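Below is one structure, written out as structure tokens; comments come after it.
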Amino acid sequence: MKMIDRYYRGLLMLFLTALLQGCIEPYDFEAESYENIMVVEANITDEFKRQEVLLTRSFMVGYDTPMPQSASVWVYDDSGNSYLFREVEPGRYLSLEEFAAVPNRNYRLHITTTTGRYESHPTTLEESSPIDDLYARRTTFNGDDGVALLIDNYNPEDAATYFRYKYEETYKIISRYFHDFDMVYEDGQFREVPKTKEERICYNTVPSNDIILAATTSLQENNLEGFLVRFIDSRNPIGSRRYSILLEQQALSPEAFTYYETLKKLSGSDNVFSQNQPGFVTGNIYKVNDPEEMVVGMFNVSSVSSKRIYFNYSDFYGPEYDRPHFTDDCDISTPPINPQEAADNVIAFLELGWIKYLGLSHLAGEETGVIGAIDDVGPYMFVNAECVDCTLLGTNEVPDFWEEE
């Protein structure tokens with residue numbers, strides 16, 4: 001569900017603004033301009049797997065993403081094969097059986113909801129060669145120092161010439177501070193307790209949300225060499241330890257490429273409510289019993305290829321460089337715990353999970369031998385929780401695919 005919301009909230013609101021064709025004045029978005037539109041994202045591939053279709057409907061700003069109710073979804077080809085899909089979570093449908101798209105067949109997507117029947121135009125498999133190489137290189141991009149993720153891909157002349165790239169990046173997180181114990185307040189006193197979970201080393205996996213397109217139609221050969229798919233600025237902490245990227249290449253038809261290219265231009269505009277808004281973006285899906293009804297989406301049949309690589313921060317940066325951090329506000333504090341009102345503040349912050357314990361302070365009470373004797377300096381060291389607990393930034397479970405050096 002989160003995956004669907006993340007995809008559509010970034011893109012579907014864009015389509016709603018694009019419905020206002022040729023606006024001359026800045027538009028005052030009001031409820032009466034809202035249209036309830038079917039939105040489809042479907043990509044059938046040549047991988048033998050359970051294929052996926054995503055459905056939703058357009059929504060107003062500030063409202064939850066609505067899902068079509070009681071949808072029947074299937075894909076069929078011109079050889080008489082039919083593949084049924086079942087809803088596995090709201091808006092996400094998977095085929096009941098595994099199958100792979102094959103060349104020289106026409107495929108169509110069919111959807112039936114309570115509001116009508118929807119169908120795609122016939123679509124054939126776009127074939128391409130696998131990704132030949134995916135590699136990282138330190139470079140300068142738009143004036144910024146960083147690491148570029150580049151690909152090489154060599155195709156025969158009769159293969160696909162349009163491509164879309166998606167990636168999933170995973171990076172290692174190591175907390176700036178660590179202590180073996182936590183602090184709790186029980187029975188009127190502060191007490192150290194052993195940690196109950198791993199908080200020092202974590203991982204976070206994030207899918208791409210950019211529309212990355214490439215075409216070889218303007219090149220002498222049907223090849224991509226040194227094509228940039230991702231740039232990680234040297235100040236970006238995701239590359240500060242160990243980083244991995246899983247890149248997927250999808251071959252596109254000219255129609256699909258034009259669709260995503262238009263969508264990319266819209267999503268890259270500084271203000272989608274500005275003047276000269278473009279018109280509705282047309283895909284290859286229509287409503288059977290009302291062809292004039294607007295439908296957002298594209299049904300793709302693609303050959304796919306994927307490749308994963310890893311690199312470490314030390315592969316590109318020496319010890320003389322300042323390693324970036326996820327959290328810069330990691331100043332250690334020693335708040336007083338006398339009088340009781342001061343202790344109550346510390347207790348509240350601990351219970352809310354805002355601070356973490358780092359050990360005893362050697363500044364408080366050293367001369368008197370009484371812990372907490374100095375009013376403005378407490379006996380315990382604390383720091384913002386995200387500086388100690390990496391689970392606030394990711395998960396402490398090692399991904400199944402993860403490889404160390």
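The values are calculated or read from the model by the stated rules, or taken from the named source; none is laboratory data. Please read these numbers as outputs of a predicted model, since none were measured by experiment. Reconstructed Cβ throughout: ideal geometry from the backbone, glycine too, with neighbour counts over all protein chains shown.
Miscellaneous remarks
- Residue within region 167-182 that is more than 27 Å from residue 393 (Cβ to Cβ) and hydrophobic (A, V, I, L, M, F, W, C) present: no
- Subset of region 231-247 that is of a type outside the set (Ser, Thr, Tyr), buried (at least 19 other Cβ atoms within 10 Å of the Cβ) and in a strand (DSSP E or B) - its residue that is farthest from the chain's Cα centre (by Cα): 242
- All strands (runs of 3 or more DSSP E) inside region 98-145 with 1 or more residues being of a type in the set (A, V, I, L, M, F, W, C): 107-113, 133-141
- Restricting attention to region 327-358, the residues being touching a His at 6+ places or on another chain (Cβ under 9 Å) and either of a type in the set (Ser, Thr, Tyr) or farther than 30 Å from residue 236 by Cα (or both) number 1.
- Applying the criterion of being touching a residue at least 60 places away in the same chain (Cβ under 8 Å) and not in a loop (DSSP other than H, G, I, E, B) to the residues of region 78-97, the residue that is surrounded by the fewest Cβ atoms within 10 Å (Cβ to Cβ) is 89.
- Residue that is farthest from residue 184 (Cα to Cα), among those in region 320-348 that are of a type in the set (Val, Ile, Thr) and assigned to a helix (DSSP H, G or I): 346
- For residue 158, the conditions (1) among the charged types (D, E, K, R); (2) over 30 Å from residue 382 (Cβ atoms); (3) at pLDDT 95 or above all hold with the exception of (3).
- Residue selected from region 161-198 under the condition surrounded by 20 or more Cβ atoms within 10 Å (Cβ to Cβ) and part of a loop (DSSP other than H, G, I, E, B), by the criterion modelled with the highest pLDDT: 175
- Residue pairs whose Cβ atoms lie under 7 Å apart, sitting 6 or more positions apart in sequence or on different chains, and linking a residue in region 338-365 that is modelled with pLDDT under 85 to a partner that is exposed (fewer than 14 other Cβ atoms within 10 Å of the Cβ) and part of a helix (DSSP H, G or I), do not occur here.
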